[in-house]
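Nothing in this text is a laboratory measurement; each read-out follows from the coordinates by a stated rule. A quick note: this is a predicted structure, and the numbers were derived from the prediction, not measured. In this analysis, Cβ positions are derived from the backbone assuming ideal geometry, glycine residues included, and neighbour counts consider all displayed protein chains.
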Amino acid sequence: MSKQHPRNNSSSLSPFSFYSPKLSVYLLITCAFLFILFQIQSLQTPTISPPSSSSSFEPELHSSWTFMSKWNKYTIINSDPPPPPPSSCSDQDHQDDDHGDLKAKLRDSVTFLPLKDLRFSRTAQQGHTWFMSSMYDTHEEGEVQYQKFPSKSSKGRILCLKGRDTHEGAWNSYALAWPEALPQNATLMKGLTFVSYNHYNYDNIWHGLSAMVPFVAWHIKNKCTTPNRWILYHWGELRSKMGPWLKILMEATFGEPLHIEVFDNVRRSVQGNETVVVDDDSDDDDENTSYCFEDAVVMRHNEGGMSRQRRMEVYDLLRCKARIYCNVSLKGRISDVTENGLPVIGMTLFMRTGARSFKNESAVVDIFGKECGKVDGCRFTVAYSNNLTFCEQVKLMSSTDILVSPHGAQLTNMFLMDRNSSVMEFFPNGWLKLAGVGQFVYHWIASWSGMKHQGAWRDPDGDKCPFPDDDRRCMSIYKSGRIGVNQTYFSEWSRNVLNEVKMKKDAELASIKNNVTSDAFIGCFCN
């Protein structure tokens with residue numbers, strides 16, 4: 001019987017039972033590979049000085065931990081090592097380059113458009129404006145319509161102009177630019193600039209004043225802020241001056257001489273990123289030169305949108321400032337009394353020469369002079385507007401309670417009278433049918449300035465037109481017509497107005513005899 005060997009169990013196995021030479025080689029290679037990687041990482045990782053409280057083995061621990069952290073990152077599937085952070089110098093240079101590129105792009109993006117948009121040339125007075133047509137006005141209820149640069153609506157951009165042409169507004173142009181990125185060849189003009197657009201002109205005192213009234217309203221509302229310069233445009237064409245009457249009135253109102261900018265002594269000198277303004281009397285003009293304004297207010301709708309109350313405030317200020325400028329008393333007409341203590345009534349016949357003058361001036365003077373002579377305290381004056389200086393007109397109007405005059409720009413002076421004074425207006429034949437709404441302008445200014453328009457007389461006779469009565473060509477004949485005389489109508493009309501004014505002044509004198517006040521004081525100083 002053969003001898004059987006007992007079954008081996010785990011407790012009897014030797015630890016070298018599974019030993020294999022091949023396995024030993026694999027383990028040795030793996031350990032060597034890990035050791036090499038550890039040494040490479042240690043050499044690449046800069047030594048970190050430990051804090052004073054740390055033990056001496058922390059650098060090695062830190063290096064090992066850094067290596068293991070990065071080793072884990074490298075072993076993540078599809079992950080890439082993070083790029084090294086840029087140095088502080090290269091980062092700043094990169095930011096400067098980006099800033100410069102953005103600035104250049106903003107500068108190059110400035111687009112100039114024609115000041116005079118010819119698309120609206122036939123509808124410039126029918127709800128459109130051909131001046132800066134792409135822009136929208138700021139309009140609060142009862143206030144002027146205006147544009148302000150920079151502002152929220154302009155997104156912080158300022159106004160720039162290429163606007164020196166005096167003959168064709170379409171050659172002048174405008175654009176908006178950020179102050180930090182002005183267009184090439186730009187001159188930055190410091191301070192506040194008033195930019196005015198006038199569909200008519202600045203020589204006629206009514207058309208000129210209607211363009212200035214919005215600026216006075218803005219001046220009142222903005223704590224008497226005054227401009228550093230004015231820029232005047234008519235149909236988009238640059239204008240270099242106002243009429244003398246208007247210029248003096250604006251200087252009196254704003255309290256300083258007007259600087260009307262025509263860009264004839266300003267040139268730009270670009271030094272690096274800065275633009276330096278230098279004086280130059282040469283006439284050289286670079287069509288690519290633009291002028292940008294640190295602060296600008298643009299008016300292009302005259303008095304449109306203003307409430308009656310706001311207009312009256314403006315005319316009150318104009319009246320008061322003109323009287324101060326010309327050394328005229330601010331007490332008003334109520335302080336003038338006769339030796340008998342009766343109120344003085346000033347009646348002024350304001351004459352014209354040429355178009356819309358009276359055909360028989362002596363007859364008209366006789367009619368109104370006689371009616372004035374019938375009223376105690378009435379003083380009659382005959383004057384020609386073209387023979388008077390600005391201050392002479394101010395003094396004359398301040399002594400006038402009843403202004404008698406043909407239709408014309410000289411009637412603009414009415415706002416220089418005391419409030420509640422009266423106006424009598426005369427027209428040649430043909431105006432009612434063909435003259436349009438412009439013939440009512442002195443009705444409007446009487447209301448806006450606190451005066452009383454006592455109606456108008458329209459001559460039923462006059463030069464005949466060879467065309468039908470409603471033919472627009474007849475207006476060229478009627479426009480320069482002269483005014484006839486109706487003695488009966490003129491006498492009765494003046495008598496009624498004189499009696500009304502006398503009753504009013506008697507009542508005023510009785511109520512304030514010992515406490516003289518006057519509407520002339522109203523609005524004398526803005527806040």
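For the stretch 308-404, what proportion of DSSP beta bridges, expressed in % and rounded to the nearest 5, is antiparallel?
Given both bridge residues lie in the stretch 308-404, the antiparallel proportion sits at roughly 10 percent.
In this simple spin-label model, placing a label point 7 Å from the Cα along the Cα-to-Cβ direction at both Asp463 and Arg119 gives a separation of 4.1 nm.
Is the stretch 134-196 best put as rounded, prolate or oblate by its Cα gyration tensor, with a ≥ b ≥ c the root eigenvalues, rounded for a/c under 1.5, and otherwise prolate when a/b is larger than b/c, oblate when not? In terms of gyration-tensor shape, oblate.
Report the Rg/Rh value for the stretch 163-247, based on alpha-carbon coordinates and the Kirkwood definition of Rh. Walk me through the numbers on the way to the answer.
Numbers: Rg = 14.4 Å, Rh = 14.4 Å.
Here the Rg-to-Rh quotient is 1.00.
Over all Cα atoms in the stretch 383-498, the spread is summed up by Rg and Dmax: 15.2, 45 Å. The listed peptides 393-400, 172-179, ordered by packing as a protection proxy, come out as 393-400, 172-179 (highest mean of other Cβ atoms within 10 Å first).
Highest mean first, the peptides 193-206, 488-501, 415-428 sorted by other C-beta atoms within 10 Å per residue fall in the order 415-428, 193-206, 488-501.
Let me know the shape class of the stretch 305-374, please: from the alpha-carbon gyration tensor, a ≥ b ≥ c as square roots of the eigenvalues, rounded when a/c is under 1.5, otherwise prolate if a/b is greater than b/c, or oblate.
Working: a/c = 2.37, a/b = 1.27, b/c = 1.87.
Because a/c hits 1.5 or more and a/b fails to exceed b/c, the stretch 305-374 counts as oblate.
Across all directions, the shadow cast by the convex hull of the stretch 365-449 built on its C-alpha atoms averages 6.4 square nanometres. Stretching the chain fully between Lys479 and Ser335 yields a gain of 47.8 nm (0.36 nm per residue, less the alpha carbon separation). Compute the Cα gyration tensor for the stretch 274-419, then decide on rounded, prolate or oblate, letting a ≥ b ≥ c be the square roots of its eigenvalues: rounded whenever a/c is under 1.5, prolate when a/b is larger than b/c in the other cases, and oblate in all that remain. Taking the square roots of the gyration eigenvalues as a ≥ b ≥ c, the stretch 274-419 is prolate.
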